[in-house]
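Since every read-out is calculated from the coordinates, none of them should be taken as a lab result. Keep in mind that this is a model prediction, so the values were computed, not measured. Here the Cβ positions follow ideal geometry from the backbone for every residue, glycine too, while neighbour counts run over all protein chains shown.
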Amino acid sequence: MINKILAIAKQNAKEGLYYRFDLLLYIFNFIIEITVYVFIWLAIYNKGNQILGMTFEQVTTYYILVVSLNPIISWGINETMGNAIREGEILRELLNPISYFNYYFGIRIGELIESIIVGIITFIICALLFGVLLPSSLLNFIFFIIVISLSVVVVYFFELIIGTSAFYTNSIWGVEVFKRAILSIFSGMIAPISLFPEFLQKIANTLPFKDCIYTPISIYFGELNNIEIIQVILKQFIWILILYIIAKILFNKAVKSVTVNGG
Amino acid sequence: MAIIEVKNLVKKYKISEKENGILGYIKHLFHPKYKEQIAVNNISFNIEKGELVGYIGENGAGKSTTIKMLTGLLTPTSGQVVVNGIVPNEKRILNNKQIGAVFGQKTQLWWDLPVIESFKLIKKMYEIPDEDYKNNLKKFTKILDLKDLLDKQVKNLSLGQKMRCEIAATFLHNPKVVYLDEPTIGLDILVKENIRKFIKDINKEQHTTVILTTHDLKDIEEVCDRIILIDKGTIIYDGEKEVFKNKYGKHIIAEFIIQNKNSNITVETIEEEFEIIEENETSIKIKFNHERLTIIDIVKSISKYCEILDMHIQEEGLEEILKEIYRGELIND
């Protein structure tokens, strides 16, 4: 099964890399985004050396990591899946000799390969431009990678749920905006979660999205001890299970109830 | 044992009924009203291994609905489908491994990649043994003339080239049953012939069961041995193609080349089985029922009006027969 998923991933990555110019544009776009963040925070830091316990260097590193991780976490298959459902391509996909979830997981991994390339290049260029802090230790760096990998699985099932809504709505644009909003607020993409008011922090702590961006960056900085990290990983496994079950139920229900029209 | 067993199959669609205007729309939101429409109404048939079956009917007759139920993409409202011992909509993935399908213009090829990459992925997904893959690729490349296409990106292929590749992709894993839903739509004659030959060849070699729906009856004439004709959700004919033609094809079309016509042939003088399709100064085309009239009768009655120079006789094709059936002229004959 893993062989098949990897074969699909490779195929999808090949197709994605065919549009190299697109990827270059993304990188360019991300670098500009980071520059804007850096200058905003530079203006803020002019008045004092530390804000809420973070140095300017930390904040710069935070945003460089956020933007580099962004494609890995927030691209995803919901749009591809939504379009396939709307245009009836799903009929073909349901005839594959491999389950729909496995097939799309392959597609997701293929996309991941592209987004990792974009992320790493963005990170390296921005590190050279603005300077970054290195990970606090090798072990923390390994944990950083593990937590992000699990996050990809978490968001994959979330994307499946979003994509399934295409069965019921004509365009998944609205649902997708909702997904992006949720992700960017609760993952810490817009601002570090430690800056949030308390009630929002509580919500962010329960949802799995914090562990996609904010938590791995905290681990990168060495702000979590090993026990806390293990707790995070356990929480991720629980969310994977919950989202998998929800996605499975919704998708099966949708496939069953939606009668495909045609003579 | 039959490879496909269909028993009392029924499919009803629920169609939402909306009233016009915004008010009607809002009303529908709270009190949705549905109308039931029967797409397939209690059909049964068995198909043996290796049969080439043409599944025909008008648009909206229930063809695609049946195919979708056979492939497991639609759940039947009632009745039973068994394909090679598997109930498709219950064990879809297992069923997918043993079937192949072409749905009109929907493609399983990867748009931006060379064709051969899609074939390689199919090999992995279906776990096709190296030997089989190599043999099939070689054979298909030859019959479908794919040699120059395999390294081209799918998006750069013409419709006919794409369909040839699609057909090859569908048969690559030696499926036991193949469903072809309008495979020749929009293709030119040469490509159509190419595809027909391919289907016949593979059927002969692998005993692949093929179910073909099409509006091009030439496909059926050349490929299929058996016809299942569906109309308004029910099967109105199921049997051999030749028997079908003999049963319904009672008409002969005769074209006469004439000269010195003295007057138009009037309808009053001719019997009812005698129909003039076309008439002008130099030729006349006549359709008649060969059970009631002979060609001699026709020649006799026409020669009263003109001099006959030459004539061609043509049996009614599948197309004409179906036209009459669709118009309701032949039902329950």
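My understanding is that a pair violates if its Cα-Cα distance is over 23 Å; which of A:Lys248/B:Lys123; B:Lys200/B:Lys245; A:Lys248/B:Lys7; A:Lys179/B:Lys33 do that in this structure?
The pairs that break the limit, which is 23 Å between Cα atoms, are A:Lys248/B:Lys123; A:Lys248/B:Lys7; A:Lys179/B:Lys33.
Only helices at least 24 Å long along their own axis, judged from Cα atoms, and with Kyte-Doolittle mean hydropathy of 0.0 or greater: name those in chain A from DSSP H.
A:20-45, A:56-74, A:100-130, A:138-164, A:226-257
Please compute the contact order of chain B in relative form: average sequence separation of alpha-carbon pairs under 8 Å and at least six residues apart, divided by the residue count, as a percent.
18
Give me the dipole magnitude in Debye, nearest 20, for chain B about the Cα centre, with unit charges on the beta carbon: positive for Lys and Arg, negative for Asp and Glu.
2020
Which order do the peptides A:60-66, B:257-263, B:43-49, B:6-12 take when ranked by the mean count of other beta-carbon atoms within 10 Å per residue, highest first?
Most protected by this proxy first, the peptides run A:60-66, B:6-12, B:43-49, B:257-263.
Can you compute the charge dipole magnitude of region B:1-151 about its Cα centre, using +1 on each Lys and Arg Cβ and -1 on each Asp and Glu Cβ, nothing else charged? Give it in debye, rounded to the nearest 20.
Around 420 debye, computed over region B:1-151.
Tally the DSSP beta bridges in the protein assembly as shown and give the antiparallel ones as a percent, rounded to 5.
The answer is about 70 percent antiparallel.
Roughly speaking, what is the centre-to-centre gap between region B:82-130 and region B:213-267 when only Cα atoms are used, to the nearest Å?
36
I'd like the orientation of helix B:189-206 relative to chain B: the angle between its Cα long axis and the longest Cα principal axis, in ° from 0 to 90, rounded to 10.
Roughly 60 degrees, rounded to the nearest 10.
From the phi angles alone, apply the Karplus equation (6.51, -1.76, 1.60; θ = phi - 60°) to region B:220-229 and give each ³J(HN,Hα) in whole Hz, x where the residue is Gly or Pro.
5, 4, 8, 9, 8, 9, 10, 10, 10, 10
Between A:Ile245 and B:Val87, what is the FRET efficiency for a Förster distance of 25 Å, r being their Cβ-Cβ separation, to the nearest 0.05?
The computed FRET efficiency comes out at 0.50.
Is there a simple number for the mean count of other chain Cβ atoms within 10 Å of the Cβ of residues in A:62-73, and what is it?
That works out to 0 on average.
Name all residues of region B:62-88 having a backbone nitrogen under 15 Å from the label point set 7 Å from the Cα of B:Leu159 along its Cα→Cβ direction, giving them as ranges.
Counting backbone N atoms under 15 Å from the label point, the list is empty.
Helix B:21-30 versus the longest principal axis of chain B: what angle, 0 to 90°, nearest 10, using Cα atoms?
50
Going 7 Å from the Cα of B:Asp132 along its beta-carbon direction, which residues of region B:194-215 have the amide nitrogen within less than 19 Å of the resulting point?
B:199, B:201-211
FRET efficiency for A:Leu195 and A:Thr35, Cβ-Cβ distance as r, R0 = 25 Å, nearest 0.05?
Using R0 = 25 Å, I get an efficiency of 0.75.
Only loop residues by DSSP count here, and only those with at most 15 other Cβ atoms within 10 Å; note down the trypsin sites (Lys or Arg not before Pro) in region B:157-241 that meet that.
B:Lys232
Can you give the mean number of other chain Cβ atoms that lie within 10 Å of the Cβ atoms in peptide A:6-15?
4
Mean-square fluctuation check for chain B, GNM, Cα pairs under 10 Å: which of B:Phe274, B:Phe103, B:Phe30 is largest?
Looking only at B:Phe274, B:Phe103, B:Phe30, the largest GNM fluctuation is found for B:Phe30.
Determine the dipole magnitude for the protein assembly as shown: charges of +1 sit on the beta-carbon of Lys and Arg, -1 on that of Asp and Glu, nothing else is charged, the reference point is the Cα centre, and the result goes in debye to the nearest 20.
For the protein assembly as shown, the charge dipole is close to 2320 debye.
For the cross-link pairs B:Lys12/B:Lys35; B:Lys176/B:Lys204; B:Lys68/B:Lys139; A:Lys210/A:Lys235, which exceed 18 Å when the distance is taken from alpha carbon to alpha carbon?
Going by Cα-Cα distance, B:Lys68/B:Lys139 fall outside the 18 Å limit.
On a 0 to 90° scale, report how tilted helix B:130-144 is relative to the longest principal axis of chain B, with both axes built from alpha carbons and the result rounded to the nearest 10.
Helix B:130-144 sits at roughly 30 degrees to that axis.
Within 10 Å of each Cβ of B:57-64, how many other protein chain Cβ atoms are there on average?
Taking the mean over all residues of the peptide, I get 2.
Which of A:Val36, B:Ile143, B:Leu318 sits closest to the plus end of the dipole of the protein assembly as shown, meaning its Cα is farthest towards the positive end, when Lys and Arg get +1 and Asp and Glu get -1 on the C-beta?
A:Val36
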